[in-house]
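Asks: Below: one structure in structure tokens.
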Amino acid sequence: MGFSKAYLYLLLINTIFLLFVSANKETGTTSESKNQIVFNVGVILDFNSSVGVVANSCITMAISDFYSQSLHYTRRLALHHKNSNDVLTAASAALELVNEDQVDAIIGPQSSEEAKFVAEIGNKSQVPIISFSVTSSSLWPTRTPYFIQTTLPYFSQLKAITSLVKQLGWQAIVVLYQDDTDEVSGNGFISTLTDILQKAGIQLSYAIAISSSANTSHITKELNHLKTIQTRVYLVHVTSPDLASRLFPLANEVGMMSNETAWIITDALSNSLSSLDASTVESMLGVLGVKPYVPESEIMNNFKLRWNKYMLMQLQPNYDKTIRSCFNRFCLRAYDTIWALATAVEKIQFPEVKRSYEKSNASCAAITNLRISEAGPRLVKEILETTFLGLSGKFKLKHRQLETTAFEIINIVGNGDRTVGYWTPGRGFSRKIASAAEDDHGVVYSGRVDSVLKPIIWPGESTKKPKGWDVPGMGQKLRVGVPKKTDFTEFVDVEEIDHTKKLYNVRGFSIDVFQAALLLLPFKLEPEFIPFVNDSGGSNGTITDLVNKLHGTETPDYEAVVGDITIRADREANVDFSLPYTESGVVMVVKAEADKLKDMWIFLKPLSWDLWLTIVLAAIFTGLVLRVLERRLNLQRPFGMLVLFPIAALAFPERNMVGNKWARFVLVVWLFMAYILLQSYTANLSSILTVSQLRPSADKPACAGYQEDSFVKEMLKKMNIKCIGYTSMEKYDEALSLGCKNGGVDAIFDEIPYIKLFLRKYGSKYKMAGATYSTGGFGFAFRTGSPLLKPISEAILEVMERGKIQEIEKRYFGKGYVTQYQDEDKDDSKLTSYSFAGLFAITAVLSLLALVCSECSFAISRYRNRSVDSISRVHSIEVTGDLFRESHQQESKEEVEILGQEADSNRQQVLQESKNMNIHHGEGDKVPEYTGKY
């Protein structure tokens, strides 16, 4: 019996059921039913599919349950069914429902391709198109305002899957999807998945489309091809249980369900696990699944029992297995859709739905002459505002799509699945989900799955999380291509052992760095070095040709390329490079000439001109300080001698030159500074006279050489420099010795690692000059999206941090191979004033401090001397006053006596003078007689 006969049974049971309900209503249970308004609703489903049959049964039960519980309804949904299995029949059915049946809402269709056409009809006629099965996001709300999705769009579960993949630390995934799926378009699923993965920084390594009718050999071939891809995380999106029952057992047979792989299934298969046989479920051990969270409730459990009885009454038992697989995904959504529509219809505020015109047959002109529904705009508004708790959880629309609540993360173990956690948008992962009564109380959300999810059993019954990638054919060696070179073999040296057996010995600096990085990986990986040689044993091409072998073929000759390979933008476009393990940059090497020492002013070269000037100024400053300090003791010293103070102090003791103790302190500081300057001058002059000084022979060469088959040639052409290619360091030396005028070159341009080798061998004759042109340095090349890239790069960093790369350098290049060469200018050896700025500053500060201390000491001493003199003078005046008063009376008495004595003395003197006069003049002369008066 086919689904068409099953559909007839359903219609018959539905008619009997409706008649039974009408009979019950006529008995008086709903006396108001006579005044009911009929609201026409179209249903477009594929009744030849299990989805259509199950959905129609749930719609019938939803109408019965709604009107049996809503006794006071005023409107009743009248369903008009149309069968559709392609785009043309869906569009034709929609036109017939709108124009002929005059419906004001349409439920369906099932597939996204059909929904695109039906949605356009709904926009023009203002009839809401409500789909409970289309999960595609291609129908944007702004373009199709009358299209409503009452199911979760698949981009919402893809966000949950992407978050799960990212938090588990996987960088890439492979997708297996069913290309003839009923409910979504395969291309739309891949495009949406690619956008979401790109935003999350996860790479889509490969995608395989498998038809539900694909045979076993075709599926096995595709699975074997997946084994050649390094990515080991597989996302499966299939809706056919029959395809799933063939896919996973075959994957188990070819060895793709090992502990190195991870499998994730979408809700299209997670909801259909009950329809798979036990052997298929056992082959899916360790698979993770994502499906919308449906809260367990007594109402839903009762509905399941009633639905099973209802389906068993109408269909034969042979269909039970197929029908049961679609219960959770479509039945619950269809049931809630009818409740939402019936609730919204009851809220429309007008007594009767008006018709634009009488019924007419649909014709070709119906596409441009559609009936316009007056109830459509208000009905859309009411549906979008409708919120209730349905069988599938909370019914709430956002942007005309069912709002995402939470997704359940399941792990297939044994004969069934177990829930290991939940994912909620905006909150992350949790071990349990909050119920409506709990309100998130006690629920722990985290962005990391390891901290909240229950333990996961992975494929192979492993409890260890797979790393998510593997080298194709693990257990074999990693195929690594290496270049065959004749020059600079210190980096890669390919030595032929047996030409007939193609046995080679590969060694070198790059090889050892790569092997040192492999030893630091958290897993064992043994490389197989394959030289890039031709049949005659010579090089099979350039390094660029070797790198291109990693790109453009599904089964490349190598998984990686190791050698002195420069990271460049044109190569990065085709392959992925690890972090560089050498210095980067292109430099110029020129011939160096000995610096002439026959210079009468060579004694001035050890010190720069600013240092000489600073020394002179320091001497003058010290002389000024000394002149100020000595101005009180040596007043006769001329001012012009101030410069000679510090100079003469170098030959004479300071004790013989100055008398002030602070002046001696300043001279000691000066002598300390002068001693340091003198020793530095002597050492630098000795270096200049004994060490040979080299200088570049040319700043801008007329012609230059480069390493053959190197990208440096293109760089020199852009610089308009004539260039010649060479193959060895000996050729470099020969060309530079000849010079451009004699058939050689004036400079060599090459990368720093090569130049360091060249200078180690010929460093006495040549010198680096000019600027350094930036490059990417040497790195290891891998295929685009290779999972080895990140761990190898991390290992290279660890090799550098541990100092192992320096040990490898000494092993191949010797101790003279330094980490970096610098182009030093010949004037860099001069000592500048900045070199002794601290010394000059200390000298100046101490000299000024001595000057300040000397002046302060003198001022304090002078102040103290003045105070002592003032006190002595006052005491002297007081003693003199007392003596004067005591002797004043005695002096008065003595004064009278003295005057009397003086008068007697004068009288006697006069008498004596008179006698003398009488003697000299004779007796005849008379002497006047004294009368006693004067």
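Every number in this text was worked out from the coordinates using simple rules, so none of it is lab data. Please read all numbers here as calculations on a predicted model, not as lab measurements. Every residue, glycine among them, receives a Cβ derived from its backbone with ideal geometry; neighbour counts consider all protein chains shown.
Asks: Around LYS467, with a cut-off of 15 angstrom between Cβ atoms, what is the net charge of the other residues, counting Lys and Arg +1 and Asp and Glu -1? Could you put the intermediate results ahead of the total?
Replies: Numbers: positive: LYS166, ARG232, LYS464, LYS465, LYS524, LYS790; negative: GLU260, ASP450, ASP470, GLU794.
Neighbour charge sum, excluding LYS467 itself: +2.
Asks: Another one. Between LYS347 and HIS72, what's the calculated FRET efficiency when r is the beta-carbon distance and R0 is 22 Å? Round to 0.05. Present the calculation step by step, with values, prior to reporting the outcome.
Replies: Values: r = 13 Å, r/R0 = 0.61.
Between LYS347 and HIS72 the formula returns 0.95.
Asks: Next question, about the same structure. So how long is each side of the stretch 455-534 along the principal axes, counting just the alpha-carbon atoms, biggest first, in Å?
Replies: 56, 26, 15
Asks: Would you tally the net charge around LEU247, using a Cβ to Cβ cut-off of less than 12 Å, leaving LEU247 out, and scoring K and R as +1, D and E as -1? Spell out each step's value before the answer.
Replies: Values: positive: ARG246; negative: GLU222, ASP242, GLU253.
Counting the neighbours of LEU247, the net charge comes to -2.
Asks: Sticking with this structure for a sec: For a protection proxy built on the mean count of beta-carbon atoms within 10 angstrom, sort 513-524, 238-249 highest first, please.
Replies: Details: 513-524: 16.2, 238-249: 21.0.
Peptide ranking by packing, descending: 238-249, 513-524.
Asks: Average projected area of the Cα convex hull of the stretch 231-288, in nm²?
Replies: On the way: hull surface 14.3 nm².
Averaged projected area of the stretch 231-288's Cα convex hull equals 3.6 nm².
Asks: Which of the residue pairs LYS309/LYS347; LYS398/LYS454; LYS717/LYS756 have a Cα-Cα distance greater than 27 Å in the structure shown? Please report the intermediate quantities before stating the final value.
Replies: Details: LYS309/LYS347 33 Å; LYS398/LYS454 32 Å; LYS717/LYS756 24 Å.
Check vs 27 Å cut-off fails for LYS309/LYS347; LYS398/LYS454.
Asks: Distance between Cα centroids, the stretch 494-540 to the stretch 248-268: provide it in whole Å.
Replies: When both Cα centres are located, 35 Å separates them.
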